[in-house]
Amino acid sequence: MSSADQTLARPKVPTAVWISWVALALMTTSSVASLRAAPTMAVYGLASVFLYVVPAIVFLLPTSLVSAELASGWKGGIYNWVASGISKPMGFLAVWCQFAMTIFYYPTLLGFVASTLAYVFNPALASNGVWTALVIVVFYWAGVYVSSRGTKGVAGLASGGLIIGTLIPGALLVILGAVFLGQGNPSAAPMTAANFFPEWAGLASLVLIVNNFLSYSGMEMNAVHVSALKDPPKEYPKSMFLAMGLVLLIFILPALAISWIVPAEELSLTAGVMQAFDAVLASFNMQGLTPILGIMLVAASLGGMLTWLAGPSKGLLLISREEGYLPPFLQKLNKNGIQQNLLVVQGLITTVIALGYALIPDVSSAYWIFSVITTQVYLIMYLLMFVAAVRLRRNDPDHPRGYRAPMLIGLCGVGFAASLAALLVGFVPPSQFGNGDPIVYFLIVGGGALGLGLLVPFLFYKLRKPSWKLPDQERQTEVPES
């Protein structure tokens with residue numbers, strides 16, 4: 001299909017809602033970039049550049065281009081893509097994984113909030129599991145309360161969070177880190193060309209790269225904006241390459257700055273950002289700014305949590321009401337049209353997971369385990385998405401698409417292989433946790449990822465009853481417009 005044919009095939013968009021490819025790149029950057037993952041990669045020093053660039057090429061790029069084609073041809077998000085390309089049960093599995101990964105994502109995100117907030121009150125609390133668990137429980141349930149009331153304008157908190165909690169602290173960290181080195185202080189991590197590649201000590205030495213797949217995830221949500229571009233075949237790739245460059249800068253530079261300041265053996269995976277701020281500000285006699293920066297980071301993280309809280313569960317709810325995948329209790333809405341019961345059940349599971357921070361002696365270990373489980377569950381969804389894209393291109397090549405990804409079969413092959421490799425590698429304990437029992441690690445990660453990601457949706461599907469499916473009229477009258 002020629003470029004002109006593609007333009008004719010895609011839906012007409014009023015001129016007032018066209019967006020530029022630069023604007024889309026900035027929107028993508030704001031939804032993907034974060035400082036939260038910086039401490040995880042800072043332990044690798046200069047090698048963090050390599051560990052960020054590789055998944056960007058083999059995962060971020062294929063995910064971006066493939067999801068753009070799917071979004072421009074099939075409405076309804078990941079469920080409809082996979083249901084159309086494979087089957088409705090597999091579509092349910094995909095949307096379930098998109099929802100289920102948040103169950104482990106929130107403890108991970110709020111674990112970062114807890115360690116950051118500790119620097120506002122008492123830095124020693126950053127390694128206290130009870131404190132971490134308490135913060136997770138309190139802030140999560142506060143978020144459920146806010147979301148269940150249907151509060152408007154929460155999305156603005158997240159958009160402002162890019163500036164308040166990411167760009168300003170990130171730029172300050174990099175600038176102060178550069179000044180720190182410029183004053184003659186030695187870098188805590190060696191910065192020579194020989195250190196560009198990670199030191200190979202077996203498969204476990206590369207396990208931390210798995211966490212970067214989660215850092216780049218979510219591109220399938222941004223792909224819905226592809227139809228708002230004037231010339232998607234030309235502008236969307238440019239937008240994604242610009243976004244990739246910006247995201248890499250936001251990820252890599254703060255990670256390097258942390259590695260200059262905090263020795264790897266002293267780095268906390270949850271509190272590393274604040275460790276670096278505290279150390280560099282102390283060298284400039286500016287430690288009074290540490291609590292302020294901590295509050296900025298916390299505010300940005302909480303704003304992001306609120307925007308995510310009801311999103312994935314809303315998608316699962318709509319599909320379940322249409323196809324009868326969940327029992328009626330989980331499909332009920334409160335007076336504000338919010339899936340409160342589903343959020344409460346999700347919160348109960350999140351509370352149980354939060355206790356892991358209190359029970360696992362090392363907070364960094366708990367943070368890492370929950371990060372891996374989050375990634376594993378989400379990767380199942382991406383595996384299904386790549387398979388669906390190939391099947392749709394082969395079985396329905398003439399279906400109107402506003403954007404056709406170049407070399408789609410190859411992109412899906414690379415993305416699928418990378419996702420599968422990351423999923424399998426995630427079961428191997430990283431080298432930083434060599435003292436732990438690898439069998440226990442495997443059972444925890446495997447039980448969390450495969451149990452929640454595969455077993456639970458399988459049971460829902462097998463146990464479903466015809467009465468779980470709501471009549472068309474009831475679905476239309478009860479579910480408000482998003």
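Some points to look at:
- Number of the exception - Ala255 against (1) modelled with pLDDT of 85 or more; (2) buried (at least 24 other Cβ atoms within 10 Å of the Cβ); (3) over 19 Å from the mean Cα position of the chain (by Cα): (3)
- Unique match (being closer than 30 Å to Gly85 by Cα, in contact with a helix residue (DSSP H, G or I) (Cβ under 9 Å, 6 or more places away or on another chain), at pLDDT 80 or above and open to solvent by 10 Å² or more (accessible area, probe 1.4 Å)) among Leu316, Leu384, Leu343: Leu384
- Scanning the range 125-142 for residues that are over 16 Å from Gly272 (Cα atoms), free of Cβ contacts under 8 Å to residues at least 40 places away in the same chain and of a type in the set (A, V, I, L, M) yields a total of 4.
- Taken together, the criteria place Ser227 among residues that are farther than 21 Å from Phe50 by Cα and either surrounded by fewer than 24 Cβ atoms within 10 Å (Cβ to Cβ) or in contact with a helix residue (DSSP H, G or I) (Cβ under 9 Å, 6 or more places away or on another chain) (or both).
- Of all residue pairs spaced 6 or more apart or on separate chains, none has beta-carbon atoms under 7 Å together with a first member in the range 260-278 that is open to solvent by 20 Å² or more (accessible area, probe 1.4 Å) and a second member that is acidic (Asp, Glu) and at pLDDT 85 or above.
- Qualifying residue in the range 397-410 (condition: part of a helix (DSSP H, G or I) and basic (Lys, Arg)): no
- Some residue of the range 433-442 being crowded, with 17+ Cβ neighbours inside 10 Å, in a helix (DSSP H, G or I) and modelled with pLDDT under 90: yes
- Here Ala366, Ala358 are screened, and the one residue that is in a helix (DSSP H, G or I), open to solvent by less than 20 Å² (accessible area, probe 1.4 Å), of a type in the set (A, V, I, L, M) and more than 30 Å from Lys462 (Cα to Cα) is Ala366.
- Across the range 212-254, the qualifying residues are those that are assigned to a helix (DSSP H, G or I) and hydroxyl-bearing (Ser, Thr, Tyr), and the one among them that is nearest to Met191 (Cα to Cα) is Ser215.
- Residue match in the range 405-416 (condition: crowded, with 23+ Cβ neighbours inside 10 Å, closer than 23 Å to Val456 by Cα and within 19 Å of the chain's Cα centre (by Cα)): no
- Any chance Pro55 is more than 14 Å from Met385 (Cβ to Cβ) and open to solvent by less than 20 Å² (accessible area, probe 1.4 Å): yes
The values are calculated or read from the model by the stated rules, or taken from the named source; none is laboratory data. Everything quoted here is computed from the prediction, not taken from an experiment. Cβ: placed from backbone, ideal geometry, glycine included. Neighbour counts: every protein chain shown. All accessible areas refer to the heavy atoms of the entire protein, side chains included, with ligands and DNA or RNA removed. Shrake-Rupley method; radii C 1.70, N 1.55, O 1.52, S 1.80 Å.
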